[in-house]
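A.B. asks: Please see the structure below; I have some questions.
The values are calculated or read from the model by the stated rules, or taken from the named source; none is laboratory data. Note that this is a predicted model, so its numbers are computed, not measured. Don't worry about glycine lacking a Cβ; one is built from the backbone with ideal geometry, like all the others, and counts go over all protein chains shown. Note: accessible area is taken over every heavy atom of the protein model, side chains too, but ligands, DNA and RNA are not part of it. Shrake-Rupley method; radii C 1.70, N 1.55, O 1.52, S 1.80 Å.
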Amino acid sequence: MKNSYYFLFLVLVIFLASCQENEPQPDNGNNNNNGNNGNDNNNNPTAILPTEFNNVALPNELANGALAGIAISGDGRFVVVTTSAQLVANDQDNFTDVYRLDRQNNTWLLLSTNLVSNAFSASISDNGNRVLFTASQSPALPTSPTAIYLWENNTVTPIQEGVQDPTSPLPLITPLVAFTNVISPNGQQIAVNINLNHVVAPLQTLQGAVVSNGQPADFSTNGRFHTWVDVDILNPQQSPRVWLYDAQTGNNVPITRSTSFSDSPKINGDGRLVVFASEMNDLTGAEDNNGLIDVFLFDQTVPRYTRLTPPDANGFSQTPDISADGNVIVFSSSANNLGVPDTNFTFDIYAYIDGQLVNLTIGSQQSNVNPVLSNDGRFVAYVSGPSDATGIVSPENARVFIAGPLR
């Protein structure tokens, strides 16, 4: 499903002592595990041995450039990487480009061909045949997105291109294009932000309703439901809010309020479940008292909130993702008291698999962040590398790993 524009509050909180606490399990209504919901007799989450999963690094060539983002197809076969590394012979510039790795035959394909500047923020359809990405058209503004492109069948087609303003003494290109624009898993819908208008539209017509002035986040499989983040650039004191949009009814439903930071909403296949990160401490039925960013699950049919990290988690948890059936949820956390083994005092990748929590990166001495999950719930791609004092992984030192199959 999957990629990310997100405000990443990667602040590492280290405590000298940790405690094991009971961990609430995600009640998504889909679990079938003989009545124990993945718990042992003491109501603690049952840990799956991490040796069951392979954590495979993508090729070393990626280390030759700065990493800007990753995405993964529905079955995990294709991984999209945005990087300044030159992975193929026909990449002759030093700009950031979008590549697609076919893991079945281990081949890289350059998607952002014939562009004059940096590419950003790529998302991929479930079948891997369509990739939407943002790019700059101007060498004078290489860090500013000014166009949206669609790659399909080895052809790059502009969805929206900026135009140089001839009256401006500055290299000003309009319209204003946001960093994050996403394509639905079925490849039929897109959500883009142009001139502060957040639009959801069919790919065939590119004409759709203006949803908000916020940032697109994710789609349900059929494109009906769409999550987004309300970012008010004119009011920096207002914290981002998470919303759920129904394209069939036109309804916009707020999942969180603006009183506390919320971000990274991802949605399951039928649009019933939304996972997100938030520092809110008063979500009904999911209250906490740690004052940190935690991961939550929202079921819009009840409605009901479930907190997926302990109320006293001693670190930040962020950037969750969810499978189409809702039975696999992944996230990154610096906490070491989530109820499963953790020994490295840095960010790890955790997964709930049919109600059982597992640390996928136990034993790693690097920070592991920004997981993206294949829609079938079998593979997760994530970023790993040395971090600074706040837990941020430098793009120049980042590596991409694939873990799985998870089930």
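A.B. asks: What is the distance, in nm, between label points placed 7 Å from the Cα along the Cα-to-Cβ direction at Arg77 and at Thr205?
C.D. replies: 3.1 nm
A.B. asks: Take every Cα pair under 8 Å in region 292-407 that's 6+ residues apart, average their separations, divide by the length, and report that relative contact order as a whole percent.
C.D. replies: Numbers: 270 pairs, mean separation 21.0, N = 116.
Answer for region 292-407 is 18 percent.
A.B. asks: Under a crude label model (7 Å from the Cα following the beta-carbon direction), how far is Arg407 from Gln300 in nanometres?
C.D. replies: Result: 2.2 nm between the two label points.
A.B. asks: With r as the distance between the Cβ atoms of Ala89 and Asn289 and R0 = 41 Å, compute the FRET efficiency 1/(1 + (r/R0)^6) and round to 0.05. Before the final figure, lay out the partial values.
C.D. replies: On the way: r = 56 Å, r/R0 = 1.36.
Step by step, r from the Cβ atoms, then E = 0.15.
A.B. asks: Report the full-extension gain for the segment Asn252 to Asn197: residue separation times 0.36 nm, less the Cα-Cα distance, to one decimal in nm.
C.D. replies: Values: separation 55, 0.36 × 55 = 19.80 nm, distance 1.49 nm.
Taking Asn252 through Asn197 to full extension adds about 18.3 nm, to one decimal.
A.B. asks: For region 327-401, what is the accessible area per residue in Å², given a 1.4 Å probe and the full set of protein chains?
C.D. replies: On the way: 1970 Å² over 75 residues.
On a per-residue basis, 26 Å².
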